[in-house]
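A short write-up of the structure that comes next.
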Amino acid sequence: MVDKLTDFISRFYVAIIAVFLYAPIAVLIVLSFNKSRSRVVWEGFTLDWYISLIHNRQIQSALMTTLALAFLSAFISLIIGTAAALGISSMKRRSHRTMMVLTNIPMLNADIVTGIALMLWMIQFMPLGFNSVLLSHITFNIPYVILAVLPKVKMMNLSIYNAGRDLGAGPLRAFFMLILPQLKDGMLSGFFMAFTMSMDDFVITYFTKGAGVNTLSTMIYGEIRKGIKPEMYALSTIIFTVVFGVLLVANGNTIGTKERKRGYE
Amino acid sequence: MNKKFCVAVISMVLTGLLLGGCAESPASVSSAPDTLTVFNYGEYMDPDVIEMFTKETGIKIKYEEAVTPEEMYTKYKAGAIQYDLLCTSDYMLKRLIEEGELQEVDFSSFEYKDNIGDKYWEFSKAFDPDNKYTLPYFWGTIGILYDTTKVKEPVHSWDVLFNGEYAGDIIMQNSVRDAFMITEKYLGYSLNTTDKEEIQNTYDTLLKQKPDVEAYLVDEARDEVVAGNAAMAVVYSGEAYLGHEFNENLAYVIPDEGSNVWLDSWGITKNCANKEAASKFLDFLCRDDVALKNFEYIYYLTPNETVKGQLDEELQNDKTLFPDDKETENCEVCTLTDPETNTLLNDLWKELKAN
């Protein structure tokens with residue numbers, strides 16, 4: 001009896017959390033199919049917003065900018081961050097600690113401070129535009145990559161590399177064939193973390209972007225005054241569905257492997 | 001110090017210098033001669049219009065958006081981006097003109113300037129006394145949007161918000177300026193008053209009204225009336241028109257005591273190097289077809305008198321979109337830039353909301 005009650009309470013608790021997390025998204029998805037532009041009137045089902053989304057060049061260019069920024073900044077900071085992680089791990093203890101503090105500060109620093117500082121710095125050298133946003137995103141992404149890669153560097157087995165060199169591999173070949181594969185997991189998670197951070201960012205982008213450059217977040221912000229258009233709901237629905245799908249596939253795989261493992265036991 | 005650490009620091013500094021060295025051009029140079037940097041409110045121009053302009057003249061537009069006049073002012077003043085043209089609200093234009101940030105517009109070169117009605121040049125004089133600096137773009141009023149199924153007799157006065165008859169069914173604007181302005185008009189003061197006693201009286205009236213107010217909202221004000229959650233709301237005319245689209249039982253009125261008339265206008269900044277292109281763009285905005293396109297994109301009140309004739313009859317007769325001159329007779333443009341009064345208003349507003 002008591003067991004049943006605690007069971008019920010725990011299920012109820014999880015259900016409530018799920019509702020709080022997903023109900024807003026459900027509302028968004030429902031509104032993306034609403035014929036009316038209003039948030040409070042349901043005038044019937046329509047796919048019009050999805051169709052006008054395809055024809056809306058502003059949203060498309062904002063989406064392309066967002067993706068280009070996320071991809072480029074994640075990729076470049078992956079290279080710089082991995083190199084930095086290798087460098088930091090071979091430092092002596094004191095400088096190691098100093099470097100870690102230096103790389104952690106930008107992560108903990110308030111976005112608005114980073115944003116304004118970057119803006120003031122950039123306008124000394126270049127007109128604000130896509131490039132300035134890209135440089136800023138790389139800047140705030142590097143620490144995340146370092147954070148993800150560094151533990152892997154520490155766990156790395158250097159003897160493999162040395163053995164490779166002994167057997168005649170050049171330093172470059174040994175690096176790409178023997179070191180990088182060992183860091184692969186850390187690099188991958190660093191890349192995705194950087195990608196997400198860049199896609200999510202509003203504040204830093206807002207301060208460092210030039211006229212005419214819009215990411216999705218700054219574009220939505222511009223729409224606030226006249227009410228967000230339902231095309232945005234449609235786009236958000238698509239993004240959510242894609243992410244959800246990717247997660248399902250990814251998790252489906254791991255669940256599969258676990259079951260397979262169990263099967264072997 | 002550790003040698004490796006020194007190397008790291010030096011290489012960091014070098015990278016910084018390198019990035020500085022290969023930068024394209026310093027920021028202080030204004031945009032290229034065939035490009036205009038335009039600063040406007042969000043969703044405040046049909047994107048097709050910008051493309052049309054570039055196609056017709058070869059002048060490229062870099063388009064930047066902001067949400068509030070204060071945000072525009074801050075971004076403009078920061079100087080990170082060199083804007084050539086900007087469109088903002090009455091009181092902010094007054095401030096920019098007073099600070100010498102705008103240059104005179106050469107209206108004699110305009111082909112379509114006369115499309116803008118005389119009435120709007122008159123409105124403009126509140127902040128641009130000689131009509132030298134600004135070109136009216138869109139305008140509107142603040143009034144009461146009400147549900148005719150809940151409010152039986154037609155509304156004529158701000159009094160319905162204050163007499164307690166619809167207690168708990170009223171939505172007020174969640175903005176210090178709007179709340180004070182309409183109350184000042186209700187009490188028969190100027191909405192640009194700097195008189196401390198008048199402002200105190202206004203505050204007392206608002207405080208007395210507070211228990212009757214269902215909520216102080218901005219964007220959602222219209223939706224609450226559309227959805228039937230409130231009998232009436234203080235809204236902008238543009239919002240009122242859209243509300244009418246969703247719910248036929250809504251009416252919008254500018255009370256007889258008068259209200260605020262707001263005007264968003266264009267100005268050319270003092271940094272603008274290519275004045276000719278900027279003038280061309282402003283003239284282009286006044287052209288019949290362009291004004292119509294923008295009107296149909298925004299559905300705010302337009303000062304361009306050619307637009308009405310191009311619409312179908314139902315829209316032409318819409319009193320919200322095309323109010324009679326009589327309705328705006330007692331309305332005033334907000335030109336309050338006095339910092340002392342603004343601080344007082346803000347303090348009182350905080351007090352009101354906290355009470």
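The values are calculated or read from the model by the stated rules, or taken from the named source; none is laboratory data. None of the values given here were measured: they were computed from a predicted structure. Virtual Cβ from ideal backbone geometry, glycine too; neighbours counted across all protein chains shown.
Results, tabulated for the structure shown:
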{"read-out": "Single residue of B:Tyr241, B:Tyr297, B:Tyr236 found to be more than 17 Å from B:Lys319 (Cβ to Cβ), within 13 Å of another protein chain (Cβ to nearest Cβ) and within 20 Å of the chain's Cα centre (by Cα)", "value": "B:Tyr297"}
{"read-out": "Subset tally (residues that are touching a residue at least 24 places away in the same chain (Cβ under 8 Å) and in contact with a helix residue (DSSP H, G or I) (Cβ under 7 Å, 6 or more places away or on another chain)) for region A:108-129", "value": "9"}
{"read-out": "Lone qualifier among B:Thr328, B:Thr320 - being surrounded by 20 or more Cβ atoms within 10 Å (Cβ to Cβ), in a loop (DSSP other than H, G, I, E, B) and either at pLDDT 90 or above or of a type in the set (S, T, N, Q) (or both)", "value": "B:Thr320"}
{"read-out": "Matching entry among B:Thr306, B:Thr335 (being β-branched (Val, Ile, Thr), in a loop (DSSP other than H, G, I, E, B) and under 27 Å from B:Glu98 (Cα atoms))", "value": "B:Thr335"}
{"read-out": "Qualifying residue in region A:245-254 (condition: farther than 26 Å from A:Ser132 by Cα, among the hydroxyl-bearing types (Ser, Thr, Tyr) and away from chain B (no Cβ under 14 Å))", "value": "yes"}
{"read-out": "Any hit, region B:323-330, residues being within 30 Å of B:Ser108 (Cβ to Cβ) and either over 18 Å from the mean Cα position of the chain (by Cα) or within 14 Å of another protein chain (Cβ to nearest Cβ) (or both)", "value": "yes"}
{"read-out": "Filtered residues of region A:27-38 (kept if among the charged types (D, E, K, R) and free of Cβ contacts under 8 Å to residues at least 40 places away in the same chain)", "value": "A:Lys35"}
{"read-out": "Counted residues, region B:222-236 - those being buried (at least 24 other Cβ atoms within 10 Å of the Cβ) and part of a helix (DSSP H, G or I)", "value": "3"}
{"read-out": "Of residues in region B:39-69 being outside any strand (DSSP E or B) and of a type in the set (Gly, Ala, Ser), the one farthest from the other protein chains (Cβ to nearest Cβ)", "value": "B:Gly58"}
{"read-out": "Any hit, region A:137-155, residues being more than 14 Å from chain B (Cβ to nearest Cβ), more than 22 Å from A:Ala85 (Cα to Cα) and among the charged types (D, E, K, R)", "value": "no"}
{"read-out": "Any pair with Cβ under 7 angstrom, 6 or more apart, that starts in region B:304-320 at a residue that is over 20 Å from B:Pro136 (Cα atoms) and ends at one that is among the basic types (Lys, Arg)", "value": "B:Gln316/B:Lys308"}
{"read-out": "Qualifying residues in region B:96-120 (those that are polar (S, T, N, Q) and farther than 10 Å from B:Arg287 by Cα) - the one surrounded by the most Cβ atoms within 10 Å (Cβ to Cβ)", "value": "B:Gln103"}
{"read-out": "Subset of region B:251-303 that is part of a helix (DSSP H, G or I) and among the acidic types (Asp, Glu) - its residue that is surrounded by the most Cβ atoms within 10 Å (Cβ to Cβ)", "value": "B:Asp283"}
{"read-out": "Sole residue being surrounded by 18 or more Cβ atoms within 10 Å (Cβ to Cβ), within 27 Å of A:Val203 (Cα to Cα) and more than 14 Å from chain A (Cβ to nearest Cβ), chosen from B:Leu36, B:Leu85, B:Leu93", "value": "B:Leu93"}
{"read-out": "Criterion: at pLDDT below 85 and either β-branched (Val, Ile, Thr) or in contact with a helix residue (DSSP H, G or I) (Cβ under 9 Å, 6 or more places away or on another chain) (or both) - qualifying residue of A:Glu223, A:Glu265, A:Glu231", "value": "A:Glu223"}
{"read-out": "Helices (runs of 4 or more DSSP H) wholly inside region A:1-103 that include at least 3 residues being among the basic types (Lys, Arg), over 30 Å from A:Gly212 (Cα atoms) and within 14 Å of chain B (Cβ to nearest Cβ)", "value": "none"}
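The rows are residues; the columns are (1) surrounded by fewer than 21 Cβ atoms within 10 Å (Cβ to Cβ); (2) of a type in the set (Ser, Thr, Tyr); (3) in a helix (DSSP H, G or I); (4) within 14 Å of chain A (Cβ to nearest Cβ).
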position: B:Met181; (1), (2), (3), (4): no, no, yes, no
position: B:Thr202; (1), (2), (3), (4): no, yes, yes, no
position: B:Lys208; (1), (2), (3), (4): yes, no, yes, no
position: B:Tyr216; (1), (2), (3), (4): yes, yes, no, no
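To keep it simple, each residue is scored yes or no on (1) free of Cβ contacts under 8 Å to residues at least 40 places away in the same chain; (2) out of contact with any Cys (no Cβ under 9 Å at 6 or more places or on another chain).
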position: B:Asn40; (1), (2): no, no
position: B:Lys60; (1), (2): yes, yes
position: B:Glu65; (1), (2): yes, yes
position: B:Tyr73; (1), (2): yes, yes
position: B:Lys77; (1), (2): yes, yes
position: B:Ala80; (1), (2): no, yes
